[in-house]
Amino acid sequence: MKQLLRSFPMRLPLLFLLLLTFRNEAFAHVKWFTDGSYADKPLSVPEVVSNVFIWLLGLALVVISVGVWLDRQIASSKWYRDLDGWFESKRSSSVMVMRIAAGMLFLLSWQGGAMLAPTLMVPSKYEWVGMFQFLLAFLLLFDKTVPYAGIGTIILYLLGCVIYDPFHMLDYALFTGVGYYLATSSSRHVKLKQSGLTVLYLTVGFSLCWVALEKFIYKDWSMFLVTEHPQLAMGLNYDFFISSAAFVEFSLGYLLIVNLLQRPLAVLITIVFFLTTAVFGKVEVIGHTLVHGALVVFLLEGPGDVYHFLHRKFHTIGKRILFTTSGFLVLLFSLLFAYHLLANNKYERKQKFLSNKPTTHMHGQIELAGYPPDELPDVRMEINDDPMGGYNIRVTTTNFKFTPENVNTSNRMYEGHAHLHINGEKVARIYGEYYHLAAMPPGTYEISVTLNSNNHDDYVIRGNPIEDTKILVVKGN
């Protein structure tokens, strides 16, 4: 055993390499880099639980069991106790780290016209949110006003729930933990102050777990991302890679919740998050600024109350493994069912919204499910400001041909035109790559383009229109 402990530092690179195997897509927030829409039908739980899922679940349980054993070995080794002591001497800097990370995010979001995340653009009627974020960054400069900045962070998150829908905002639950951590950072009550770290662990871990489920329920979003960046899969089967990435992310989130591997885990996740920027660039850096801050806090602070509770409650390694693996199963399937219920509710509301248009615009459907995937049509849309006024829309398609000369004739597969929708109502037909959209009053608009046949039937896959959707925010003068 002593020989094993002496050799363990040599084994850390192996653990590091395992994480690097999933260094990119596993940690990318898929919504930021795809045009996925809640109009996409979510997969059901039986559809998710495939043979590959079950095999990977078994592997995840084995890895977590090994993690419990490794945690015990690390904690009892001299080299780690020495390192632990050095980090303990730096604990007083943890709040400052979080203040800097939060301040950076607020300023970057304010400058980019967003809130909390790069893609959460602030609607015109909420323009004051930008100044509110600037105020929060200012409050973080002074020790006495940091708790107020923490409370303001929680308020900002709740405001996001009002603007963007609570289901969408569950991805960013970590902001409530950051707000609570800052709000309790200067408390004179020891237990209240300690609870800030516990809540931070729980919310960051939950956010990682919740975002991982997106890769199961909306697998097509990740499939698009991997198709656009095939180097991510490193030659692996795309479906297998996406499921593996989801399990890696969920497992790491769970390890944070139960505080396993503590500081080494924080170091590894931090390095891996930084490596994602090689593919996804500054959007990834800005979006994960607060996550980086939290991971550095975990590195400095060490384990929280959950870790100490589990060690007091379960003395033997067998009981710890049993509890940890059982907890993983309960959390995985509880969140998986919850995610599907919320996603399906969002889908039904979205379909009801999209169908709320004049009956004269209702047409039939051409179902393409079952056709070879590489033959299915797809559409992508770009919206750019026109210097002369209005907007220039560019529509690019694959496996589809615009045929304005055949409009109102019989259907020919994979040809036709596109329909342009604004807030669910069809406003125009598009017969080519470019379309000019006139200027619109200030407000937030959902712009959608769908592919339609010569006789105006909708091309659909499993009942979902082949479409691309963008949010257009028109600001007042």
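Derivation of every value follows stated rules applied to the coordinates shown; laboratory data play no part. Quick caveat, the model's predicted, so the values are computed rather than measured. All Cβ positions, glycine included, derive from the backbone under ideal geometry; neighbour counts span all protein chains shown.
Once you have the Kirkwood Rh of the stretch 359-474 from its Cα pairs, apply Stokes-Einstein at 20 °C and 1.002 mPa s and quote D in µm²/s.
On the way: Rh = 14.7 Å.
For the chosen part, D equals 146 µm²/s.
At 7 Å along the Cα-to-beta-carbon direction for both Ala338 and Glu367, put a label point, then send me their distance in nm to one decimal.
3.4
Could you please rank Leu368, Leu59, Leu140, placing first whichever residue has the fewest other Cβ atoms within 10 Å of its Cβ?
Numbers: Leu368 19, Leu59 13, Leu140 25.
Listing Leu368, Leu59, Leu140 from fewest to most nearby Cβ atoms yields Leu59, Leu368, Leu140.
In what sequence do Ile217, Ile269 fall when counting other Cβ within 10 Å, fewest first?
Listed from fewest to most nearby Cβ atoms, that is Ile217, Ile269.
For the stretch 248-259, take each phi angle, set θ = phi - 60°, evaluate the Karplus expression 6.51 cos²θ - 1.76 cosθ + 1.60, and give the result in whole Hz per residue in order, putting x for glycine and proline.
Here the 3J(HN,Hα) series is 4, 5, 5, 4, 5, x, 5, 4, 5, 4, 9, 6 Hz.
What percent do you get for the relative contact order of the stretch 427-477 when only Cα pairs under 8 Å and 6+ apart count?
Relative contact order comes out at 41 percent.
Starting from 0.36 nm per residue, how many nanometres of slack lie between Trp86 and Met234 once their C-alpha separation is accounted for? Kindly include the intermediate steps, with their values, before the conclusion.
Values: separation 148, 0.36 × 148 = 53.28 nm, distance 3.81 nm.
Gain on extension, Trp86 to Met234, equals 49.5 nm.
Separation between the Thr316 and Trp79 pseudo-spin-labels, each 7 Å from Cα along Cα→Cβ, expressed in nm?
Those two pseudo-labels are separated by 3.1 nm.
Out of residues 5 or more away from Gly390 or on other chains, whose amide H comes under 5 Å of its own, with H placed 1.01 Å from N in the peptide plane?
So Gly390 has HN proximity to Ala439.
Would you mind ranking Lys193, Lys41 by Cβ crowding within 10 Å, fewest neighbours first?
Values: Lys193 15, Lys41 19.
Result, fewest neighbours first: Lys193, Lys41.
What list of ³J(HN,Hα) values in whole Hz, one per residue of the stretch 366-382 in order, does the Karplus curve 6.51 cos²θ - 1.76 cosθ + 1.60 (θ = phi - 60°) give from phi, with Gly and Pro shown as x?
Working through the residues one at a time gives 10, 7, 10, 4, x, 6, x, x, 6, 9, 6, x, 8, 9, 10, 10, 10 Hz.
Beyond a 26 Å Cα-Cα separation, which of these cross-linked pairs lie in this structure: Lys41/Lys426; Lys125/Lys215; Lys144/Lys193?
On the way: Lys41/Lys426 21 Å; Lys125/Lys215 33 Å; Lys144/Lys193 15 Å.
The pairs that break the limit, which is 26 Å between Cα atoms, are Lys125/Lys215.
Can you grab the distance from the C-alpha centre of the stretch 125-188 to the C-alpha centre of the stretch 443-474, Å, no decimals?
What the calculation gives is 35 Å, centre to centre.
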